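The values are calculated or read from the model by the stated rules, or taken from the named source; none is laboratory data. Owing to the predicted nature of the structure, the values given are computational and were not obtained by experimental measurement. Neighbour counts run over all protein chains shown; Cβ positions are idealised from the backbone, glycine included.
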Amino acid sequence: MAVAAGEALARLRAGNARFAANVLGLDALISQARRGELAGGQQPFAIVLGCSDSRVPAESVFDQGLGDLFVIRVAGNIVAASQVGSVEFAAARFGTRLVVVLGHSQCGAVLATLEELRGPATRQSRALRSIVDRVRPSVEPLLATALRDDVGELVRQAVRANVRASVTQLRHGSEILERLIEEEGLLVVGAEYSLETGIVDFFEGVPPPDCISSS
């Protein structure tokens, strides 16, 4: 049976609290014994579109084990056709009802984009440039504000703006996901992981607790 979005979000929050406190639960360990069972199928309770950064493995950050999360990783947690298709696949095939776009502090793709905007690089490959070009629209407007004089805050706000952009693209860039949101309770939220504290802050698209179904 599919896990409702509210319950899935509560599981992730609880798992991250354990991770940040260095008090890990037994679920991740017990899940190793489920390897044979999972060979016959999967039903992940959450989809995580995260950055490829080696310091932000979703299963560890949320203290989850085999079969719990459907994880898509790409530099800068950007959204392109393949990422949309992967989210569609998990949401439609497995009935997963929570999608989390997980950014993180000091994201290298965001930093590279800000560097490009401040002074165009001349040695970027075409492939790397394609990532920068997807991050650019969400962070470029920030350079026209007072944030341009506060580098630390500029980066922080740029990371969140990039997450919000990816959330918006998933919500409105797919007929399948739009239907699941409207008819079947799919929830797409944005979050930021702090490299310094280990805490995940769900800051985008999270309804008040009394508005999230957990049944």
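Details
- Sole residue being in contact with a Leu (Cβ under 6 Å, 6 or more places away or on another chain), in a helix (DSSP H, G or I) and not hydroxyl-bearing (Ser, Thr, Tyr), chosen from 114, 154: 154
- Lone unmet requirement of (1) within 30 Å of residue 22 (Cα to Cα); (2) among the polar types (S, T, N, Q); (3) out of contact with any Cys (no Cβ under 9 Å at 6 or more places or on another chain); (4) part of a helix (DSSP H, G or I) for residue 168: (1)
- Test: residue 110 is more than 30 Å from residue 5 (Cβ to Cβ), buried (at least 19 other Cβ atoms within 10 Å of the Cβ) and out of contact with any Lys or Arg (no Cβ under 8 Å at 6 or more places or on another chain): no
- Subset of region 143-158 that is at pLDDT 95 or above and in contact with a helix residue (DSSP H, G or I) (Cβ under 8 Å, 6 or more places away or on another chain) - its residue that is surrounded by the most Cβ atoms within 10 Å (Cβ to Cβ): 158
- When restricted to residues that are touching an Asp or Glu at 6+ places or on another chain (Cβ under 8 Å) and of a type in the set (D, E, K, R), region 89-117 contains 1.
- Count of residues meeting criterion [more than 16 Å from residue 7 (Cα to Cα) and among the basic types (Lys, Arg)] in region 88-107: 1
- Single residue of 126, 35, 134 found to be out of contact with any strand residue (DSSP E or B) (no Cβ under 6 Å at 6 or more places or on another chain), buried (at least 16 other Cβ atoms within 10 Å of the Cβ) and charged (D, E, K, R): 134
- Residue within region 85-99 that is assigned to a loop (DSSP other than H, G, I, E, B) and without any contact (Cβ under 8 Å) to a residue 40 or more places away in the chain present: no
- Selected residue [closer than 30 Å to residue 152 by Cα and modelled with pLDDT of 95 or more] from 79, 84: 79
- Pair list, Cβ under 8 Å, 6 or more apart: region 1-21 residue within 18 Å of residue 208 (Cβ to Cβ) and touching a residue at least 60 places away in the same chain (Cβ under 8 Å), other residue among the aliphatic types (A, V, I, L, M) and in a helix (DSSP H, G or I): none
- Pair list, Cβ under 7 Å, 6 or more apart: region 40-52 residue without any contact (Cβ under 8 Å) to a residue 24 or more places away in the chain, other residue small (Gly, Ala, Ser): 52/75
- Verdict on residue 109 being under 15 Å from the mean Cα position of the chain (by Cα) and of a type in the set (Gly, Ala, Ser): yes
- Some residue of region 64-83 being surrounded by 20 or more Cβ atoms within 10 Å (Cβ to Cβ), of a type in the set (Phe, Trp, Tyr) and touching a residue at least 40 places away in the same chain (Cβ under 8 Å): no
- Of 15, 76, all but one fail to be outside any loop (DSSP other than H, G, I, E, B), within 17 Å of the chain's Cα centre (by Cα), over 30 Å from residue 133 (Cα atoms) and not basic (Lys, Arg); the exception is 15.
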